[in-house]
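**Student:** A single structure is presented below for examination.
FYI, it's all coordinate maths here, none of it is from the lab. The structure displayed is predicted, hence computed values, not measured ones. Don't worry about glycine lacking a Cβ; one is built from the backbone with ideal geometry, like all the others, and counts go over all protein chains shown.
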Amino acid sequence: MGTSLPLLSLLVWVPVLGGVTLLWLGDARAPAVRRLALAVSIVTFALSLVAYREFQLDTYEMQLQEFSVWIPAFNINYHLGIDGIALPLILLTTFMTVLVVIAGWDVEQRPSQYLAAFLILEGLMNGVFASVDAILFYFFWEAMLIPMFLIIGVWGGPRRVYATIKFFLYTFLGSVFMLVALLYLYGQAGSFNILDLHRLPLPLLAQELIFVAFLLAFSVKVPMWPVHTWLPDAHVEAPTGGSVILAAILLKMGGYGFLRFSLPIAPDASVALANLMIVLSLIAIAYIGFVALVQLDMKKLIAYSSISHMGFVTLGFFIGVPALLATGRPDAGVMGLEGGMMQMISHGFISGALFLCVGVMYDRVHSREIADYGGVANTMPKFAALMMLFAMANSGLPGTSGFVGEFLVILASFQLSPWIAFGAATILILGAAYTLWMYKRVVFGDVANDAVAALQDVNAREFVFLALLAVAVLAFGLWPAPIFDVMHPTMEHLFEQVTISKVGG
Amino acid sequence: MDMKTIYLAIVLAPLAGAVIAGLSGRAIGRAGAHWVTIIGVGVSTVLSLYAYKRMMLDGGPVFNETIYRWLSTGSLTLEVGFLVDPLSVTMMAVVSFVSWLIHIYTIGYMHDDPGYQRFFSFISLFTFSMLMLVMANNFLQLFFGWEGVGLVSYLLIGFWFKRESAIFAGLKAFLVNRVGDFGFLIGIAAILMYFGDLGYSSVFQQAPSMAGETISILDGTEWSLMSFICICLFIGAMGKSAQVPLHVWLPDSMEGPTPISALIHAATMVTAGIFMVARMSPLYELSETALSLMLVIGAVTAFFMGVLGLVQNDIKRVVAYSTLSQLGYMTVALGASAYAAAIFHLVTHAFFKALLFLAAGSVIIALHHEQDMRRMGGVYRYMPITWFTCLIASLASIGFPGFAGFYSKDSIIEAVHHSQLWGADFAYVAVLSCVLITALYSFRMFFMTFHGRERMDTETWKHLHESPAVVTVPLAVLAVPSLVIGAMLVGPMLFEGYYQSAIYVAPQHDVLAQIGAGYHGVLGFTLHAFGSAPVYLALAGVGLAWLGYIKYPDIPGKLAERFSLPYTILMRKYGFDELYQWLFAGGARGTGRLLWQVGDEQVIDGALVNGTAAGVRWLSGLVRTLQSGYLYDYAFAMIIGLLLLLALFLRQFF
């Protein structure tokens, strides 16, 4: 086995350098810029597939590691590596970026900068997932904000400045606490290697403070109730591609942070504060489900739906140990973790697809208001069929990827208490209600107005990205085993870490 | 070919048809779409009948195998696999055969519809989902088929998507079913927690040892685990099989094109719940609470929904309420532990109800999509085949001796009569009196449609003629089983160990065995009926219908005027729709608005986020006054600071 290529570095720097090249080429050579951006994104996706091929399924250890000394004075290193948590998210990132580049083909305003921002963002996001060094992680984590900030701020809607600042302040404020926690941990461990931090014994109070600091950073990203209000604003103002990446990948950063930092570094605190996390998750699922129901703007509706669906991620992550303590059986632990992770991947496809669908309509009608549509199926039958699939996936229909994670998390949460399962399962009704009611008002019905009457069905380019997502949603709904096989050893190890106390060890 | 390949082909052939017709409908054209789906479902039908023959006549083995691993997480492995035993093979034969006929019929019925290919794709997908459901060997796949059927029914009810009423009905059907699925999913979660597996065989094996387990839902109250699981699963069945109070979607589902009504009602979707409970008999036998609940719910549905059938004027709605009522009978049978009788009624009902729907559809086409019976009448002269087959279906459905429905319905009534469970007495009275009502609404419909004065407009009347062969041939084909299948199957299916180990009945619940003790062949069973009440109740119903709709047609109107309050209640369908619309749809939107505008916008964004901003402003104002530039302010601050430091320093010594 094994290639000598530094695969992870390539995954980070190929898109970044590609993006820089696009900037250098400039808008004057827009056609070449587009083709190059597509090529770079496809090459990066191919690289991630190579990483998947190289990946060993029988170990939880970091793989494909790369190491070089960066700042020796503080023991900070350029240390990359992936495990069963990072790999699926990297694959998701590279896949979605290809689609976003295709979707951004027709952007007229500064196309080279637009595409460059996405490629650079892709590299930085891969960096976040592949970092083994906490400072390197932090670097990518913060750097990632810049392209996203620009994407919303430059290519966004009329209230983009308000949305950008709200987005930036929220996420940046949260991150500051994470940095403090990391510095404290460095003080204790003398290392920024995340794996060293996993092994660091810590008293309960310190763990709780660290947990809260991480929580501030990650809960904003997820986003969890009540720090979610930046997301609908950001989505509404973001251009289509920005919304797609925001929903599909950036929201996963929070979930990833819980898995990589909160749970293994502060396991006792994770258990002590699990009830808080469970309650916040259930509030997100049910409360936000109701809020989504009454939205008038399609993007807002999907944004709220995202928050509600991400509630399953946090619920799944924190259900395991309390269930173990309640029943004496470990079944729920890995099931919840893997269910939450599957929910992240699936939500990446589905929310991305739904935002792309809104984008397709917006490009034609220049409105996101549900009331401005009606009877789209009459003029765009192919589009209507694809969007039906995504709407059903968003409603958690078995056979689509949207079902898998929710199903497992509901099964797992029943082990702790039937009431939690009741709360979580409300999404079965609410999710279907808000998604299909929107679909009914937008797509079904007689042609509502002249704008809808003039609609053209999806063109070849639009068909390609929607069809690719449709295939992904169905494939992982009918056969999710490959994803679970990738993450299984890592998740089992993680659950073991969470169940072993670090207090006084 | 080994059996695994055959079973795979049974499932995949309709799926392939659906995919081809759905994705390349334009390329293959209208004829291409109907050929590819009819061949797909035809393959299923032939192979299902072959499998049926092999198992039921040649005594072939039960098949229970995994097809592929869906996923593994922790110690749990979830798989997709088939369980083909006498119960599922019966369902497979019925489902695929009835679907196949409906496919053929659809060529004629949907002839002019622009969504022709889409329609064939949907009904094939429906057949696929239903087959997945009945052939599942585990709860995961059961749920997959369960929801798949729900999806396609949503698509089919809203097939004419330009009609507001149709898309509303589709959404309503999906959401009401989701309420049922909520319970179903919780039931599955409970099964996984206590049984550690979702495969049928492992769950059924462990079930007896779980009979005494309890589950704590509210603090301090212990519930029987089996009752909890069975009731949760039954809530799912209430959604799919349209039992009160989750029945509201079914009458509205008439917004779909007629063949769908037939498909959904007769053979497939609504019977899914009945099938599921029969499949879970090893669990239900452990919970008399759940059995009693089914007796009561089924009886309420059978009686009260039958009564609504009396006042409907839309021909399809009459048949829809009749379906609800018949489903109530099946549920009552399940509650009485007469699972075999429930499935038997499911089978006979599949044929005669499909026939009734297709006959109604045939009249509707002939009258240019007129569905109001007040504008029909006298049609029998012009449509003799439709008339005759509809008569057979009506007689079968009222349980006239000799016809299919008679055997299944009579055995249900007898079974309930023998049942000792709580609620059985009530159920017995309800199903018995419902015989009269069934006969009344069935023949009210029959007389209003086919006899009496021709009430349609002259233009329609002039062109009135029998439907083409694609319509009448399925009618004729369905008429045969509606006539004979009851007599053929009553002995083997109820009393001769037809299901082998597929259905388990605890000895103390085994009412069919008690009836079986007195069973001496079909003829005896038939003749015996003339000495019991149901036959005379049915005849009385027909007589009343004749009086009210042929002999003295002004009586019903006068009755409606005289008893206007009960009549209004019936016309409003007891007010379920209004209540649900107000309470659930309105309530959910109100809650949403409250949480959004007050919770998110005023409290979180208004008070917290902007409040924080205001707080920062206030704090910086405070700090600004500190930095006043006056020396004494700084000196004062230094003194405070020094004192604090001193205090901290001194603490070490005390």
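**Student:** Sorted from largest down, what three extents in whole angstroms do the Cα atoms of the stretch B:99-163 have along their principal axes?
**Tutor:** For the stretch B:99-163, the Cα spread along each principal axis is 42, 26, 13 Å.
**Student:** In addition: Once you charge only the Cβ atoms, +1 for Lys and Arg and -1 for Asp and Glu, what is the size of the charge dipole of chain B about its Cα centre, to the nearest 20 debye? Don't skip to the answer; put the middle values down first.
**Tutor:** Numbers: 34 positive and 38 negative charges, 270 e Å.
With only Lys, Arg, Asp and Glu charged at Cβ, the dipole is about 1300 debye.
**Student:** More than 42 Å apart: what percent of Cα pairs in chain A qualify? Before the final figure, lay out each step's value.
**Tutor:** Values: 15721 of 127260 pairs.
Beyond 42 Å sits 12 percent of the P(r) for chain A.
**Student:** Another one. For the charge dipole of chain B, defined by +1 on Lys and Arg C-beta atoms and -1 on Asp and Glu C-beta atoms about the Cα centroid, which residue among B:Thr449, B:Leu47, B:Met238 has the Cα displaced farthest towards the positive pole?
**Tutor:** Comparing the listed Cα positions along the dipole, B:Thr449 ranks first.
**Student:** Determine the shielding of peptide A:223-232 by partner chains: average, over its residues, the number of Cβ atoms on other chains within 10 angstrom of each Cβ. If you can, show how the numbers build up before the last one.
**Tutor:** On the way: counts 0, 0, 3, 7, 3, 2, 7, 2, 0, 2.
If you average over the peptide's residues, the count of other-chain Cβ atoms is 3.
**Student:** Aspartates and glutamates within cross-link reach of A:Lys221: Cα-Cα under 16 Å, excluding same-chain residues under 8 positions apart?
**Tutor:** A:Glu142, A:Asp233
**Student:** Listed highest first by mean packing, meaning other Cβ atoms within 10 Å per residue, what order do B:301-310, B:536-545 come in?
**Tutor:** Numbers: B:301-310: 24.5, B:536-545: 18.9.
Peptide ranking by packing, descending: B:301-310, B:536-545.
**Student:** Specify which residue in the list A:Leu216, A:Phe192, A:Ser305 is farthest towards the positive end of the charge dipole of the stretch A:169-308, using unit charges on the beta carbon of Lys, Arg (+1) and Asp, Glu (-1), about the Cα centre.
**Tutor:** Positive-most Cα among the choices belongs to A:Ser305.
**Student:** How much mean residue ellipticity at 222 nm does the protein assembly as shown get from its helices, if each DSSP H run of length 4 or more adds -39500 (n - 2.57) and you divide by all residues, to the nearest 500 deg cm²/dmol?
**Tutor:** Numbers: 52 runs with 811 residues, N = 1159.
Only helices count here, giving -23000 deg cm²/dmol.
**Student:** Mind checking the angle between helix B:139-157 and chain B's longest principal axis? C-alpha axes, 0 to 90 degrees, to the nearest 10.
**Tutor:** For B:139-157 against chain B, the angle is about 70 degrees.
**Student:** Shifting gears a bit: Determine how many Å³ per residue the convex hull of the Cα atoms of chain B encloses. The partial results should precede the final answer.
**Tutor:** On the way: hull volume 160.3 nm³, N = 654.
Taking the convex hull of the Cα positions in chain B, it is 245 Å³ per residue.
**Student:** Here's something else I'd like to know. Placing +1 at every Lys and Arg Cβ and -1 at every Asp and Glu Cβ, with all other atoms neutral, what dipole size does the protein assembly as shown have around its Cα centre, in debye to the nearest 20?
**Tutor:** Dipole of the protein assembly as shown, to the nearest 20 debye: 2000 debye.
**Student:** Per Stokes-Einstein, at 37 °C and 0.692 mPa s, what whole-number D in µm² s⁻¹ belongs to the stretch B:57-136, with the Kirkwood radius over Cα pairs as the hydrodynamic radius? Write down the numbers at each step before the final one.
**Tutor:** Values: Rh = 15.0 Å.
Result for D is 219 µm²/s.
**Student:** Taking the Cα centre of the stretch B:152-266 as origin, work out the dipole magnitude from +1 charges on Lys and Arg Cβ and -1 charges on Asp and Glu Cβ, in debye rounded to 20.
**Tutor:** Details: 5 positive and 8 negative charges, 98 e Å.
Computed charge dipole of the stretch B:152-266: roughly 480 debye.
**Student:** Show me, for the stretch B:324-339, the HN-Hα J-couplings you get by feeding each phi into the Karplus relation (A = 6.51, B = -1.76, C = 1.60, θ = phi - 60°), rounded to Hz, glycine and proline as x.
**Tutor:** Calculated HN-Hα couplings, in order: 3, 5, 5, 5, x, 4, 4, 5, 4, 4, 4, x, 7, 6, 8, 4 Hz.
**Student:** Identify all lysines with a Cα-Cα distance to B:Lys409 below 16 Å; exclude those on the same chain that are fewer than 8 residues away in sequence.
**Tutor:** Within the straight-line limit of under 16 Å, B:Lys409 reaches these lysines: B:Lys353.
**Student:** Amide H of B:Gln312 versus every other amide H placed in the peptide plane: which residues, excluding those fewer than 5 positions away on the same chain, fall under 5 Å?
**Tutor:** The answer is none.
**Student:** Compute the semi-axes of the equivalent ellipsoid of the protein assembly as shown, taking the square root of 5 times each eigenvalue of the Cα gyration tensor, and list them largest first in whole Å.
**Tutor:** On the way: eigenvalues 692, 210, 159 Å².
For the protein assembly as shown, the semi-axes come out at 59, 32, 28 Å.
**Student:** Which one of A:Ala130, A:Ile102, A:Tyr114 has its Cα pushed farthest toward the positive end of the charge dipole of the stretch A:52-169, where Lys and Arg give +1 and Asp and Glu give -1 at the Cβ?
**Tutor:** Positive-end residue among those listed: A:Tyr114.
**Student:** Can you give the alpha-carbon Rg of the stretch A:348-505 over 2.2 N^0.38 Å, where N counts its residues? Walk me through the numbers on the way to the answer.
**Tutor:** Details: Rg = 19.7 Å, N = 158, 2.2 N^0.38 = 15.1 Å.
For the stretch A:348-505, the normalised Cα radius of gyration comes out at 1.31.
**Student:** Pull out a ≥ b ≥ c, the square roots of the eigenvalues of the alpha-carbon gyration tensor of the stretch A:288-362, then state rounded if a/c is under 1.5, prolate if not and a/b is larger than b/c, and oblate in the remaining case. Write down the numbers at each step before the final one.
**Tutor:** Values: a/c = 6.20, a/b = 2.34, b/c = 2.65.
Judged from the Cα gyration tensor, the stretch A:288-362 comes out oblate (a/c at least 1.5, b/c at or above a/b).
**Student:** Contact order normalised by length for chain A, with contacts defined as Cα pairs under 8 Å and 6 or more residues apart; what percent is it? Write out the running numbers ahead of the final one.
**Tutor:** On the way: 909 pairs, mean separation 80.3, N = 505.
About 16 percent, as a whole number.
**Student:** Can you give me the P(r) profile for the stretch B:223-319? Cα pairs, bins 10 angstrom wide beginning at 0, each as a whole percent.
**Tutor:** Spelled out per bin, shortest first, that is 15, 44, 28, 12, 1.
**Student:** Using per-residue counts of other Cβ atoms within 10 Å, averaged over each peptide, order B:46-54, A:406-414 from highest down.
**Tutor:** Per-residue Cβ counts within 10 Å, averaged per peptide and sorted highest first, yield A:406-414, B:46-54.
**Student:** Relative contact order, percent, of the stretch B:1-113 when contacts are C-alpha pairs under 8 Å separated by at least 6 residues?
**Tutor:** Numbers: 111 pairs, mean separation 27.9, N = 113.
Taking the mean separation of contacting Cα pairs over the length of the stretch B:1-113, I get 25 percent.
**Student:** Ok, one more. Using a 10 Å cut-off on Cβ atoms, rank the peptides A:119-128, B:311-320, A:380-389 from the highest mean neighbour count down. Don't jump to the answer; show the numbers that get you there.
**Tutor:** Values: A:119-128: 28.0, B:311-320: 22.5, A:380-389: 20.2.
Ranked by mean Cβ neighbours within 10 Å, highest first: A:119-128, B:311-320, A:380-389.
**Student:** Tabulate in residue order the Karplus-calculated ³J(HN,Hα) for the stretch A:360-377, using 6.51 cos²θ - 1.76 cosθ + 1.60 with θ = phi - 60°, rounded to whole Hz; enter x for Gly and Pro.
**Tutor:** Here the 3J(HN,Hα) series is 4, 6, 5, 4, 8, 9, 6, 8, 10, 6, 4, 5, 7, 10, x, x, 4, 4 Hz.
**Student:** Can you pull the mean other chain C-beta count within 10 Å for peptide B:184-192?
**Tutor:** Numbers: counts 2, 10, 8, 0, 4, 12, 5, 2, 9.
Mean inter-chain Cβ contacts per residue within 10 Å come to 6.
**Student:** Follow-up. Which pairs, out of B:Lys172/B:Lys316; A:Lys299/B:Lys172; A:Lys252/B:Lys172; B:Lys462/B:Lys558, put more than 30 Å between their alpha-carbon atoms? Numbers along the way, then the final one.
**Tutor:** Numbers: B:Lys172/B:Lys316 18 Å; A:Lys299/B:Lys172 24 Å; A:Lys252/B:Lys172 33 Å; B:Lys462/B:Lys558 32 Å.
Result: A:Lys252/B:Lys172; B:Lys462/B:Lys558 exceed 30 Å.
**Student:** Could I ask something else about it? Can you tell me the relative contact order of the stretch A:76-145? Whole percent, Cα pairs under 8 Å, sequence separation 6 or more.
**Tutor:** 48 percent
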